[in-house]
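Reviewing the structure listed below.
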């Protein structure tokens, strides 16, 4: 699954277009490497998002196409 879509479905980022902008500016790393919005996300990947002075680090637990709002937090585990 594409990075921008995963961030939207997991609700780590509110909108897919915002996720695309953040990734294209080089503010998202997957497994320590800068990722573009089209980068493929797989189970076990570690995603780090840099929002200004805030950093969010998560590990991908599941990759699902459709997720209900209540189950979105089950897709990842916080590493902070």
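Neighbour counts of other C-beta atoms within 10 Å: give me 36, 54, 8, 25 arranged from fewest to most.
Listed from fewest to most nearby Cβ atoms, that is 54, 25, 36, 8.
Please check which bits of segment 22-50 a label hung off residue 15 would reach, taking the label as a point 7 Å along Cα-to-C-beta and the cut-off as backbone N under 14 Å.
Those under the cut-off are 22.
Ranking 37, 10 by Cβ neighbours within 10 Å, fewest first, what do you get?
The most exposed by this proxy come first: 37, 10.
If you wrap a convex hull around the alpha carbons of the chain, what volume per residue comes out, as a whole number of Å³?
Details: hull volume 6.6 nm³, N = 80.
So the per-residue Cα hull volume is 83 Å³.
Which of 70, 45, 53 moves the most in a Gaussian network model of the chain with Cα springs under 10 Å?
The residue that fluctuates most here is 53.
Assuming 0.36 nm per residue, please report the length gained on full extension of the stretch residue 67 to residue 1 beyond their Cα-Cα distance.
That works out to 22.4 nm of additional length.
Every number here is computed from the coordinates shown, using simple stated rules; none is lab data. Not measured: the values here are computed from a predicted model. FYI the Cβ positions are ideal-geometry reconstructions off the backbone, even for glycines, and counts take in every protein chain you see.
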